[in-house]
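Worksheet for the structure shown next.
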Amino acid sequence: MSLIHIRKRSLIVETIHHEGGPAPEKPLKLAAASAVIHNPYAGRYEQDLMPFMAELRSLGTLLAMELVETLGGKENVEVYSKAAIVGLDGEMEHGAVWHEAGGWAMRSVLGEPKAMVPAVKAVASAGYRMMVPVHYIHASYVRSHFNSIEIGIQDAPKPREILFSLVMGTGGRVHSRLGGLLKENVSVGDGQR
(Lines give C-alpha, C1' and ligand atoms only; values in the text may rest on other atoms or scores of the structure.)
Protein backbone atom coordinates (compact mmCIF):
# COMPACT_ATOMS: atom_id res chain seq x y z
CA MET A 1 0.00 0.00 0.00
CA SER A 2 1.39 3.40 -0.99
CA LEU A 3 2.42 5.89 1.68
CA ILE A 4 1.95 8.80 -0.75
CA HIS A 5 -1.50 10.32 -1.20
CA ILE A 6 -1.46 13.66 -3.03
CA ARG A 7 -4.17 16.20 -2.22
CA LYS A 8 -2.95 18.92 -4.54
CA ARG A 9 -0.01 20.14 -6.59
CA SER A 10 1.29 23.59 -7.42
CA LEU A 11 3.69 25.06 -9.97
CA ILE A 12 5.08 28.57 -9.49
CA VAL A 13 7.15 30.24 -12.22
CA GLU A 14 8.88 33.60 -11.80
CA THR A 15 10.28 35.31 -14.89
CA ILE A 16 12.70 38.12 -14.05
CA HIS A 17 13.21 40.58 -16.91
CA HIS A 18 15.41 43.01 -14.96
CA GLU A 19 16.10 44.29 -11.46
CA GLY A 20 16.19 47.98 -12.36
CA GLY A 21 19.16 47.69 -14.70
CA PRO A 22 19.51 46.63 -18.32
CA ALA A 23 17.45 43.66 -19.49
CA PRO A 24 19.47 40.46 -19.93
CA GLU A 25 19.58 38.68 -23.28
CA LYS A 26 17.24 36.03 -21.81
CA PRO A 27 15.05 36.55 -18.72
CA LEU A 28 15.85 34.47 -15.65
CA LYS A 29 13.25 31.84 -14.78
CA LEU A 30 12.85 30.35 -11.31
CA ALA A 31 10.27 27.62 -10.77
CA ALA A 32 8.96 25.67 -7.78
CA ALA A 33 6.95 22.46 -8.11
CA SER A 34 5.12 21.37 -4.96
CA ALA A 35 2.93 18.52 -3.79
CA VAL A 36 0.77 18.42 -0.68
CA ILE A 37 0.45 14.90 0.65
CA HIS A 38 -1.12 13.15 3.63
CA ASN A 39 1.45 12.62 6.40
CA PRO A 40 1.30 8.87 7.14
CA TYR A 41 2.96 9.43 10.54
CA ALA A 42 1.02 12.47 11.76
CA GLY A 43 0.17 12.31 15.45
CA ARG A 44 2.43 9.38 16.27
CA TYR A 45 6.10 8.49 16.55
CA GLU A 46 7.44 6.09 13.92
CA GLN A 47 10.98 4.80 14.40
CA ASP A 48 11.56 3.64 10.79
CA LEU A 49 11.05 6.42 8.24
CA MET A 50 13.19 4.73 5.59
CA PRO A 51 10.29 3.18 3.61
CA PHE A 52 8.63 6.61 3.38
CA MET A 53 11.89 8.21 2.25
CA ALA A 54 12.41 5.53 -0.42
CA GLU A 55 8.86 5.87 -1.75
CA LEU A 56 9.17 9.66 -1.91
CA ARG A 57 11.80 9.27 -4.65
CA SER A 58 8.93 8.74 -7.11
CA LEU A 59 7.28 12.00 -6.03
CA GLY A 60 10.64 13.75 -6.31
CA THR A 61 11.09 12.43 -9.83
CA LEU A 62 7.61 13.62 -10.82
CA LEU A 63 8.28 17.15 -9.51
CA ALA A 64 11.81 17.29 -10.98
CA MET A 65 10.59 16.24 -14.42
CA GLU A 66 7.83 18.87 -14.27
CA LEU A 67 10.44 21.55 -13.52
CA VAL A 68 12.78 20.43 -16.31
CA GLU A 69 9.88 20.50 -18.77
CA THR A 70 8.77 23.93 -17.50
CA LEU A 71 12.28 25.34 -17.96
CA GLY A 72 12.70 23.90 -21.46
CA GLY A 73 15.07 21.00 -20.75
CA LYS A 74 17.76 19.96 -18.29
CA GLU A 75 20.42 21.83 -20.26
CA ASN A 76 18.72 25.09 -19.17
CA VAL A 77 18.86 24.34 -15.43
CA GLU A 78 21.64 26.10 -13.49
CA VAL A 79 20.27 26.35 -9.93
CA TYR A 80 18.31 24.07 -7.62
CA SER A 81 16.98 23.52 -4.11
CA LYS A 82 14.34 21.70 -2.08
CA ALA A 83 11.93 22.46 0.76
CA ALA A 84 9.41 20.83 3.08
CA ILE A 85 6.70 22.26 5.32
CA VAL A 86 5.27 19.74 7.79
CA GLY A 87 1.80 20.26 9.27
CA LEU A 88 1.50 20.72 13.03
CA ASP A 89 0.65 17.07 13.79
CA GLY A 90 3.97 16.00 12.27
CA GLU A 91 7.61 16.46 13.22
CA MET A 92 10.69 17.98 11.61
CA GLU A 93 12.02 14.53 10.71
CA HIS A 94 8.98 13.98 8.48
CA GLY A 95 10.27 16.87 6.37
CA ALA A 96 13.90 15.76 6.60
CA VAL A 97 13.07 12.63 4.56
CA TRP A 98 13.00 15.00 1.57
CA HIS A 99 16.77 15.60 1.82
CA GLU A 100 17.57 12.26 0.25
CA ALA A 101 14.38 11.68 -1.74
CA GLY A 102 14.10 15.12 -3.34
CA GLY A 103 17.84 15.56 -3.77
CA TRP A 104 18.27 12.11 -5.31
CA ALA A 105 15.41 12.75 -7.74
CA MET A 106 16.81 16.08 -8.95
CA ARG A 107 20.32 14.69 -9.36
CA SER A 108 19.00 11.73 -11.32
CA VAL A 109 16.82 13.82 -13.64
CA LEU A 110 19.55 16.44 -14.19
CA GLY A 111 22.38 14.00 -14.96
CA GLU A 112 24.15 13.90 -11.58
CA PRO A 113 25.29 17.51 -10.95
CA LYS A 114 28.04 17.83 -8.34
CA ALA A 115 26.89 20.49 -5.85
CA MET A 116 24.98 19.68 -2.70
CA VAL A 117 21.28 20.53 -2.93
CA PRO A 118 20.38 23.35 -0.52
CA ALA A 119 17.32 22.80 1.65
CA VAL A 120 14.94 24.41 4.09
CA LYS A 121 12.21 22.86 6.21
CA ALA A 122 9.77 23.81 8.94
CA VAL A 123 6.86 22.55 11.00
CA ALA A 124 4.10 25.12 10.54
CA SER A 125 0.42 25.79 9.95
CA ALA A 126 -1.43 26.16 6.65
CA GLY A 127 -0.49 29.20 4.64
CA TYR A 128 3.09 29.34 5.95
CA ARG A 129 5.48 30.75 3.35
CA MET A 130 9.21 30.30 3.19
CA MET A 131 12.14 31.55 1.18
CA VAL A 132 14.01 28.71 -0.48
CA PRO A 133 17.70 29.37 -1.20
CA VAL A 134 19.16 28.19 -4.51
CA HIS A 135 22.69 27.85 -5.83
CA TYR A 136 24.61 26.61 -8.86
CA ILE A 137 24.08 22.90 -9.57
CA HIS A 138 27.74 22.11 -10.31
CA ALA A 139 29.43 23.91 -7.38
CA SER A 140 28.06 25.42 -4.19
CA TYR A 141 30.27 28.52 -4.07
CA VAL A 142 29.35 30.32 -7.31
CA ARG A 143 28.26 33.62 -5.76
CA SER A 144 26.36 34.91 -8.83
CA HIS A 145 23.88 32.03 -8.47
CA PHE A 146 22.93 32.57 -4.80
CA ASN A 147 19.25 33.47 -4.99
CA SER A 148 15.86 32.45 -3.57
CA ILE A 149 12.21 31.91 -4.40
CA GLU A 150 9.20 32.01 -2.09
CA ILE A 151 7.00 28.94 -1.79
CA GLY A 152 3.74 28.29 0.01
CA ILE A 153 0.12 27.35 -0.53
CA GLN A 154 -2.66 29.19 1.30
CA ASP A 155 -4.48 26.07 2.54
CA ALA A 156 -1.48 23.81 3.11
CA PRO A 157 -0.16 21.99 4.90
CA LYS A 158 -3.12 21.05 7.03
CA PRO A 159 -2.11 19.54 10.43
CA ARG A 160 -1.87 16.00 9.03
CA GLU A 161 -0.14 16.93 5.74
CA ILE A 162 3.31 17.73 4.34
CA LEU A 163 4.11 20.15 1.53
CA PHE A 164 7.17 19.01 -0.44
CA SER A 165 8.79 21.33 -3.02
CA LEU A 166 11.60 21.22 -5.53
CA VAL A 167 13.06 24.36 -7.08
CA MET A 168 15.08 24.91 -10.26
CA GLY A 169 16.11 27.94 -12.27
CA THR A 170 17.84 28.91 -15.49
CA GLY A 171 20.72 31.00 -14.15
CA GLY A 172 22.21 33.34 -11.62
CA ARG A 173 20.87 36.68 -10.47
CA VAL A 174 20.02 38.99 -13.39
CA HIS A 175 22.44 41.76 -12.42
CA SER A 176 25.08 39.81 -10.50
CA ARG A 177 28.23 41.90 -10.21
CA LEU A 178 29.79 41.07 -6.85
CA GLY A 179 32.75 38.97 -7.96
CA GLY A 180 33.61 35.60 -6.51
CA LEU A 181 33.93 32.27 -8.26
CA LEU A 182 32.52 32.26 -11.80
CA LYS A 183 30.72 29.18 -13.12
CA GLU A 184 33.27 29.03 -15.95
CA ASN A 185 36.10 28.63 -13.40
CA VAL A 186 34.64 25.85 -11.24
CA SER A 187 37.06 23.04 -10.41
CA VAL A 188 37.07 20.07 -8.07
CA GLY A 189 36.66 21.20 -4.47
CA ASP A 190 34.52 24.28 -5.19
CA GLY A 191 31.58 22.95 -3.22
CA GLN A 192 31.29 19.67 -5.10
CA ARG A 193 30.45 16.19 -3.88
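The values are calculated or read from the model by the stated rules, or taken from the named source; none is laboratory data. Predicted model only: the values in this text are computed from it and were never measured. Heads up, the Cβs are rebuilt from the backbone with ideal geometry, glycines too, and the neighbour counts pull from every protein chain shown. When the accessible area is computed, the model is the full protein with side chains, heavy atoms only, and any ligands, DNA or RNA have been set aside. Shrake-Rupley method; radii C 1.70, N 1.55, O 1.52, S 1.80 Å.
Just want the answer: with Cβ charges of +1 for Lys and Arg and -1 for Asp and Glu, which residue in LEU49, ASN185, LEU63 is farthest toward the dipole's positive end in the chain?
Result: ASN185, furthest along the dipole toward the positive end.
Is it possible to state the helix-based mean residue ellipticity at 222 nm for the chain, with each DSSP H run of 4+ residues giving -39500 (n - 2.57), the sum divided by total residues, to the nearest 500 deg cm²/dmol? What is it? Walk me through the numbers before you get to the answer.
Details: 2 runs with 40 residues, N = 193.
Result for the chain, helices only: -7000 deg cm²/dmol.
Over the chain, how many percent of alpha carbon pairs lie in each 5 Å bin up to the one with the longest distance?
1, 8, 17, 20, 19, 15, 10, 6, 3, 1, 0
Near LYS114, which aspartates and glutamates are there with a Cα under 13 Å away, not counting those fewer than 8 places off in the same chain?
In chain and number order, the partners are GLU78, ASP190.
Taking just the alpha-carbon atoms of the stretch 99-162, what radius of gyration and Dmax come out, in angstrom?
13.9, 38
Project the alpha carbons of the stretch 65-108 onto their principal axes and report the range along each, largest first, in whole Å.
Cα extents, longest axis first: 39, 16, 15 Å.
At a 1.4 Å probe, what is the % contribution of carbon and sulfur to the accessible area of the chain?
For the chain, the apolar C and S fraction of the accessible surface comes to 54 percent.
Could you compute the FRET efficiency for LEU182 and GLU100, with r as their C-beta to C-beta distance and R0 at 41 Å, rounded to 0.05? Please list the in-between numbers first.
Working: r = 30 Å, r/R0 = 0.74.
Working from the Cβ atoms, E equals 0.85.
Might you tell me the accessible area per residue for the chain, computed with a 1.4 Å probe and given in Å²? Could the numbers behind the result be given before it?
Details: 9290 Å² over 193 residues.
Value returned for the chain: 48 Å² of accessible area per residue.
Rg/Rh for the stretch 9-57 to two decimals, with Rh computed the Kirkwood way over all alpha-carbon pairs. Walk me through the numbers before you get to the answer.
On the way: Rg = 19.1 Å, Rh = 14.7 Å.
Computed over Cα atoms, the ratio is 1.30.
When the Karplus curve 6.51 cos²θ - 1.76 cosθ + 1.60 is applied with θ = phi - 60°, which whole-Hz ³J(HN,Hα) does each residue of the stretch 124-138 get, with x for Gly and Pro?
With the stated coefficients, the stretch 124-138 comes to 7, 8, 4, x, 4, 10, 9, 8, 10, x, 10, 8, 4, 6, 9 Hz.
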